[in-house]
Amino acid sequence: SGGAIRVYGHAFHRDGLPRGLGPEVDDRFEGVQGGFRADFAGGSEHFTVQGDIFGTDSGGMAGDGDSGHNILARWTRAFADESSLRVQAYYDWFERDFALVRDSLQTFDLDVQFNHRAGAHELVAGSGLRTTRDTFVNNLNAFRLEPPRKRLWVFNAFVQDRIALSPEVSLILGIKAERTSFTGVELLPNVRLAWQP
């Protein structure tokens with residue numbers, strides 16, 4: 001009574017094109033995909049987990065196509081004083097093979113966010129990290145990436161206050177600190193005036 005689960009799946013197949021004046025080529029395309037989502041709630045807490053998996057065969061050379069999978073989990077807790085806490089984690093993997101070229105990308109993302117409303121103020125604070133690992137291997141021509149594999153990191157922390165100046169006008173003040181594999185630490189301030197007629 002406190003949850004629901006949905007599961008799906010589908011497959012497709014497209015025949016190759018008829019042979020023309022040139023040589024016969026394998027240009028059929030087929031694939032499968034499936035996934036699920038589950039939501040559970042109890043009192044002030046809510047939990048979601050969902051994921052997908054897929055694979056295709058694009059004809060051409062043996063093994064050409066792409067494949068991947070992902071999963072996401074999110075937990076939310078509401079508090080009595082108009083506050084809430086959310087924690088979310090996500091993982092994604094993708095790989096593609098085409099004409100002697102292979103590239104793949106692996107991503108992991110984690111973020112935590114706290115929301116609190118007090119009078120005219122709507123506060124949001126949080127932090128997160130994301131790491132990616134990419135691979136690019138080319139056996140088709142002379143183009144290369146050095147190194148062919150690399151892991152990158154992004155860390156961040158932020159705070160924002162949305163101040164209601166009137167029922168239609170809000171002032172938004174925020175700052176975010178971010179550290180990446182390329183730039184080191186950066187401060188990203190943000191000032192906005194929002195009008196909702």
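The values are calculated or read from the model by the stated rules, or taken from the named source; none is laboratory data. Just so it is clear, the structure is predicted and the values come from calculations on it, not from any experiment. Every residue, glycine as well, gets a Cβ built from its backbone with ideal geometry; the counts of neighbours run over all protein chains shown. Each accessible area value is taken on the protein alone, full model and side chains, heavy atoms only, with ligands, DNA and RNA left out. Shrake-Rupley method; radii C 1.70, N 1.55, O 1.52, S 1.80 Å.
State whether the range 77-131 is rounded, prolate or oblate according to the following rule on the C-alpha gyration tensor (a ≥ b ≥ c being the square roots of its eigenvalues): a/c under 1.5 gives rounded; otherwise a/b larger than b/c gives prolate, and the remaining case gives oblate. Verdict is prolate for the range 77-131.
With Cα atoms as the point set, the chain shows a radius of gyration and Dmax of 23.5, 74 Å. Each DSSP beta bridge with both residues in the range 19-121 is either parallel or antiparallel, and the antiparallel ones are about 100%.
Centre-to-centre separation between the Cα atoms of the range 50-72 and those of the range 121-197: 29 Å.
Using a Förster distance of 35 angstrom, determine the FRET efficiency expected from the C-beta separation of N139 and Y8, and round it to 0.05.
After rounding, the FRET efficiency stands at 0.45.
Per atom type, the chain shows carbon and sulfur on 60% of its accessible surface, probed at 1.4 Å.
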